[in-house]
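Asker: What follows is a single structure, and I will ask about it in a moment.
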Amino acid sequence: MTTRTDVPAALDERTQLITFLDYARATARAKCEGVSAEDARRAPLPGSPLMTLAGLINHLRWVEHWWFEVMFLGEEDRGPWTEEDPDREMRIAVDRPLDELLAEYEAACARHNELIAANSLDSVAKRTRRDGGRFDLRWIVLHLIEETSRHNGHLDVLREIVDGTTGS
């Protein structure tokens, strides 16, 4: 069972931000505990054929890659998406075991926590926004707390629909 807490060990800003990001990440993993392989791949919403538990976990993993590695560090984009298929990370997830996707997500989260710990929250991203400005690390962490939490709502609804599990 996934252990989660939203109570930081210390009250400095960095610890609070990492604690809330880790809490949101752990909630995403908890929403997937005990789900069958078949249910992890099911897309029960007719208007959202890519919306699966596996797809959302893979999306969260690659969204962190985009913000921390591509935007903040300026590294090469290794994401699975293409111009022709911008949602490919959602599509390819149904061909992978959920436990592998969760392990990759957890490993990426650990690397990104090290990045947060090693940089000032005021450090600016190497890559620019569309308007030429740059996000700072603080904004990126806050954005990922918001994005992960929003997708946790999707995971919650999907899980209830596919097998009746609620809570977590």
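Asker: Of the conditions (1) surrounded by fewer than 16 Cβ atoms within 10 Å (Cβ to Cβ); (2) within 20 Å of residue 26 (Cα to Cα), residue 112 clears all except one; give me its number.
Answerer: Only one criterion in (1) surrounded by fewer than 16 Cβ atoms within 10 Å (Cβ to Cβ); (2) within 20 Å of residue 26 (Cα to Cα) is unmet by residue 112, namely (1).
Asker: Go through the range 1-40 residue by residue and tally those that are in a helix (DSSP H, G or I), within 17 Å of residue 114 (Cα to Cα) and without any contact (Cβ under 8 Å) to a residue 12 or more places away in the chain.
Answerer: 2
Asker: Quick check, is residue 33 charged (D, E, K, R) and under 15 Å from residue 105 (Cβ atoms)? Break it down into steps so the answer makes sense when it comes.
Answerer: Values: charged (D, E, K, R): yes; under 15 Å from residue 105 (Cβ atoms): yes.
For residue 33, the condition - charged (D, E, K, R) and under 15 Å from residue 105 (Cβ atoms) - is met.
Asker: Might you let me know whether the range 74-88 holds any residue that is modelled with pLDDT of 95 or more, in a helix (DSSP H, G or I), in contact with a Leu (Cβ under 8 Å, 6 or more places away or on another chain) and under 21 Å from residue 149 (Cα atoms)?
Answerer: no
Asker: Which numbered condition in (1) at pLDDT below 95; (2) farther than 30 Å from residue 120 by Cα is the only one that residue 43 fails?
Answerer: Condition (1) is where residue 43 drops out.
Asker: Right, here's the next one. Can you name the condition, by its number, that residue 71 falls short on among (1) under 27 Å from residue 137 (Cβ atoms); (2) surrounded by 19 or more Cβ atoms within 10 Å (Cβ to Cβ); (3) under 15 Å from the mean Cα position of the chain (by Cα); (4) not β-branched (Val, Ile, Thr)?
Answerer: All conditions are met except number (3).
Asker: Further, regarding this structure: Give me the pairs, please: first residue somewhere in the range 89-107 and closer than 17 Å to residue 63 by Cβ and in a helix (DSSP H, G or I), second residue anywhere and at pLDDT 95 or above and among the acidic types (Asp, Glu), beta-carbon distance under 7 Å, and either six or more positions apart or on two chains.
Answerer: 91/85
Asker: Moving on. Only one of (1) touching a residue at least 60 places away in the same chain (Cβ under 8 Å); (2) assigned to a loop (DSSP other than H, G, I, E, B); (3) over 27 Å from residue 47 (Cβ atoms) is not met by residue 120, so which one is it?
Answerer: Here residue 120 meets the rest and fails (1).
Asker: Regarding residue 48, is this residue surrounded by fewer than 19 Cβ atoms within 10 Å (Cβ to Cβ), under 21 Å from residue 158 (Cα atoms) and either free of Cβ contacts under 8 Å to residues at least 12 places away in the same chain or touching a strand residue (DSSP E or B) at 6+ places or on another chain (Cβ under 8 Å) (or both)? Break it down into steps so the answer makes sense when it comes.
Answerer: Values: surrounded by fewer than 19 Cβ atoms within 10 Å (Cβ to Cβ): yes; under 21 Å from residue 158 (Cα atoms): yes; either free of Cβ contacts under 8 Å to residues at least 12 places away in the same chain or touching a strand residue (DSSP E or B) at 6+ places or on another chain (Cβ under 8 Å) (or both): yes.
Taking the combined requirement at face value, the residue satisfies it.
The values are calculated or read from the model by the stated rules, or taken from the named source; none is laboratory data. Please read all numbers here as calculations on a predicted model, not as lab measurements. Neighbour counts run over all protein chains shown; Cβ positions are idealised from the backbone, glycine included.
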